[in-house]
Amino acid sequence: MPPPESLSLELDRAKVLVCVGAGGVGKTTTSAAVAMEAARRGRRVIVLTIDPARRLAAALGLPEIGNQERVVSNESFERLGLEPPRGVLSAMMLDVKTSWDEVVMKYHPEPEAKRRLLENRLYFTLSTALAGSQEYMAMEKLYDLATRTEDPLDLIVLDTPPASQAVDFLDAPSKMLAALDNDATRWLLEPYTTAGRVTSRLFDAGSSFVIRSLGRLTGTATLEELAELLSQFQGMYEGFRQRAKAVRVILSDPSTSFWVVAAPHPSPIETALSFYDRLSADGIPVGAFLLNRAEPDPFEHTPPAPELLRARVLAVGGSEALAERWLQAVQSSHMAATLERERRDQLAAKVGISEARPVRLVPELPVDIHDLAGLEALRASIFGADPPFGEPPVPAFRES
Amino acid sequence: MLGKGGVGRSVFSAALALRASQRGKRVLLLEVNAPDEAARILQVAPAPDDPREVLNNLWLCRMTPTGAMREYALLVLKFKAIYHIVFENRLVKYLLRSIPSLGEFTMLGKAWYHAEERRSDGSPRFDLVIIDAPATGHALTFLSGARAVADTVPVGPMKAAAERMAELIEDPRRACFHLMSLPEEMPVSEARDLFAAARDRVRMHAGLAVMNRVRARRFSVQDEPIVRALAAEAEPALLPYTEVAVREMKRHAARDAHLGRFREVTMGPLVCLPELPTEDVGPEELELIIGALDEACGVRPELETLDATA
């Protein structure tokens, strides 16, 4: 049975914390709340989010979050009567297009090719639409942040793009690199001289039947533009590969913790398990499972008192029917909470619960999170006490 | 069928297809979003790459970028042998994968092809083609695919096809999008953005606005004073009851606020779907959804909107 602090211990241990999970389970907000706890514990922390979440900006008291880091000021906390964190909390949002531009600007070795690349018509779509582009850029940003020497960070909390299957996040960057740089592109781009000018094989007068047939589908001009784009990327691949490798090292480091965010319902739990399996296959342990929006159990601290309710409802002028509906509502809330605890215990049994791997139900908050106070409430909810595993919350008497 | 991931597009698409087919329409449901999901919901065999009639008047077809590309290529190249020589080529496979939006574009092309497809007597093969589109970002890439190709690809066969597809998408008499969301903050915010993007960027006509998982009200407005009176008494033994009731009332209020924000931007009839007792949707749950659909659409005017979407 893990003490409540185990989650905080896991947090203290981490230098990089990656939140993974399906969409729609509150991953972005959870990432921010977790980062806030780390800042409260005195660390210099940044939360890097993927979603264009204007609401997260508002929740952090920031006018907006962009590709530039923004620090949450102490005044933002004080304005709402909250104690500012001992550490420092900042946020940054990944803008895929801007990030591509930054990487090209920073790492492209040849000024002329760089300029033509940024102007290529297909570059914009390629940089934003290429599968894995977002995940790849998240890695580039992670590399940037992890290796930065000015104002070094104690913790980077990374909110990953929603994924329904396995951990696309881990596979996507290598897939994207393979799409840009492989035997086919190398053959295609091998310098080839025709009529005195260096060109790609694609435009060779004797270009193959295969290429001509393909041209009938797409138009040859498209192929030419694509080849040009790929040639302009030349010289960057080695850097891409090196940084991707460096990030893999960071992600496999014991100081990196993966937290799976889900909800206590069958399909999100199934997704959570698939994340767990995929990470385990890579030898990466899961640091914590957070099951968000759990139903608070009405009978956690107080036993049922149906007759008293019935009497009081009638006493203040309510109807028998209202009392009945009321009892039903509370009963179904209790049943939902019980079911969710069972699901949590089943998940814990499957993943082998230990102190180092808390599986936690996070009760649903009564309000939407739209400011620092809401985020603070979520933080307290995540890191607050959790009922012990495998036991009912209160050995209350059973309803007949 | 547009919406954020996890809002229930596949289930609603299946219900919509079933309802329209029951009304005698020849319906094709194209699955882009979740392959085999519709087959599971309708309890029929998984769909192949070609439309198959799985229920009376209801055809099902899975759409993948590779499958759609293959069909398109066969259409252009005419001969299977040539297709094999060209498409088994590694370089070609590679090039096809790297042309941005090509996958989405060919899938859209397939949808367009079936929408225009004629039987031997000249009548349309399908009266209604429903696309269970991918989640938000991908859906926009998918729908903008035609315009993107028409605008960025140099002259060629693709450009010509793209222009005709874009015409279909932008024609309010022939195409519309239904938008689905949940009565929660983020899904509604995203739905609002998606609505604007689909209408202004994709230039598509708006159809139904669908709100999923709308919880039934447990406490009516008349109940509230009594609930509040008991909550104010703060009797410790009644805390489980007052807490649940106050929470429920807050949820109602939040739900109404989210519905309001959804309605602020969306147009067209609103369909509210009930919270289903199970995640495992089968015929019974489909009936519930169809009931809500019929109710929301009144007698018929809205289904006529659907009918316009050939």
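All of the numbers you see were taken from the coordinates with simple rules; none came from a lab. What you see is a predicted model; the values in this text were computed from it and never measured. Please note: Cβ atoms are built from the backbone with ideal geometry, for glycine as well, and neighbour counts cover all protein chains shown.
Couple of notes before you dig in:
- The packing ranking of peptides B:221-234, A:11-24, highest mean first, is A:11-24, B:221-234, where packing means the average number of other beta carbon atoms within 10 angstrom of each residue.
- Alpha-carbon centroids, the range B:277-294 and the range A:257-293: separation in whole Å: 29
- Shielding by partners - mean other protein chain Cβ count within 10 Å, residues of A:329-337: 3
- Estimated from the Cβ-Cβ distance and a Förster radius of 51 angstrom, the FRET efficiency linking B:GLU233 and A:ASP282 is about 0.35.
- At R0 = 60 Å, FRET efficiency that the Cβ-Cβ distance of A:GLU324 and A:ARG212 yields, to 0.05: 0.20
- Fewest-first sequence of B:CYS272, B:CYS61 by Cβ atoms within 10 Å of each Cβ: B:CYS272, B:CYS61
- A cut-off of 5 Å between modelled amide H atoms, ignoring neighbours fewer than 5 places along the same chain, links A:VAL362 with A:LEU291, A:ASN292, A:ARG293, A:ALA294.
- Cα-Cα separations in the range B:101-187 greater than 23 Å, expressed as whole percent: 29
- In chain B, helices alone account for a calculated mean residue ellipticity at 222 nm of -17000 deg cm²/dmol, with every DSSP H run of four or more residues adding -39,500 (n - 2.57).
- For B:CYS272, residues with placed amide H under 5 Å, excluding near neighbours: B:MET211
- Sites B:SER120 and B:GLU163 - FRET efficiency at Förster radius 25 Å, r taken between beta-carbons, to 0.05: 0.35
- Whether the range B:155-310 is rounded, prolate or oblate, judged on the alpha carbon gyration tensor where a/c under 1.5 counts as rounded: prolate
- The GluC sites (Glu not before Pro) of the range A:61-123 that DSSP puts in a loop, and whose beta carbon has at most 14 other beta carbons within 10 Å, are A:GLU64.
- Averaging the Cα positions of each part gives two centres, and for the range A:60-116 and the range B:167-214 these lie 31 Å apart.
- In sequence order, the range A:257-270 has phi-based couplings of 10, 9, 10, 8, 9, 8, 10, x, 10, x, 6, x, 5, 4 Hz under the Karplus curve 6.51 cos²θ - 1.76 cosθ + 1.60, θ = phi - 60°, and Gly or Pro positions carry x.
- Checking the cross-link pairs A:LYS27/A:LYS114; A:LYS27/B:LYS25; B:LYS4/B:LYS250; A:LYS106/B:LYS159; A:LYS97/B:LYS250 against a 32 Å limit on the alpha carbon distance flags A:LYS27/A:LYS114; A:LYS27/B:LYS25; A:LYS106/B:LYS159; A:LYS97/B:LYS250 as lying beyond it.
- Averaged over the residues of B:242-248, the number of partner chain Cβ atoms lying within 10 Å of the residue Cβ comes to 6.
- Stretchable slack from B:MET267 to B:ASN56, in nm (0.36 nm times residue separation minus alpha-carbon distance): 72.8 nm
- Pair-distance distribution P(r) for the range B:146-194, from all Cα-Cα distances in 10 Å bins starting at 0: 24, 28, 28, 17, 2 percent.
- Going from the residue with the fewest nearby Cβ atoms within 10 Å to the one with the most, A:THR149, A:THR49, B:THR278, A:THR30 rank A:THR149, B:THR278, A:THR30, A:THR49.
- Long-range amide H partners of B:ALA47 with built H, under 5 Å: B:ASP36, B:ALA39
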